[in-house]
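S.K.: Before I ask anything, let me first share the structure, which is written out below as structure tokens.
Quick note: the coordinates plus some simple rules give every number you see, no bench work behind them. Given the structure is predicted, the values throughout are model-derived calculations rather than measurements. Cβ placement follows ideal geometry from the backbone for every residue including glycine, while neighbour counts extend to all protein chains displayed.
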């Protein structure tokens, strides 16, 4: 169920800054790149790339934002679409040191920035080969995805208060993702036991 929220009265927005990923291509994971999305107390929404070059900076009330059930924040800024997600793809580049410093300097909880930022990092941290690595990799991927989804949900709460036109979603993707990981683990265990 999607819910449209139109905010006619602009309140003083809560400032928020997140290290997220811009999905420039739906098929090329390497084109899902880290960005910093920021909203200041004046209601200015901006996005910066790895070199901290500003890609856009607009009053939030000029933004149209749609949140999907899988946790994608679709920003439309002056007719241009930006698909922003909380976790990068397995081929995504790592955030730049400049991005990490910019977000850590802003964050009340710097440990939130050091989370596994991409599925590739999560899988790489699994270590080892075979079903154990598959289980560990699935758990690490699930953790990274959950943390990324939390970041997107924070934006779903913040954007209406800043005056943006927002189409909300319950974002039940974590349930779907958990079921998929659980199914993969069960299949891996059955295959492992059948091979003995």
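S.K.: If I model a spin label as a point 7 Å beyond the Cα along the Cα-Cβ vector, how far apart are those points for residue 98 and residue 167 in nm?
M.R.: That separation, rounded to one decimal, is 3.4 nm.
S.K.: Between residue 41 and residue 68, what's the calculated FRET efficiency when r is the beta-carbon distance and R0 is 35 Å? Round to 0.05. Walk me through the numbers before you get to the answer.
M.R.: Working: r = 28 Å, r/R0 = 0.80.
After rounding, the FRET efficiency stands at 0.80.
S.K.: Could you give the nm distance between label points at residue 184 and residue 51, where each point is 7 Å from its Cα heading toward the beta carbon?
M.R.: Result for the modelled spin labels: 3.5 nm.
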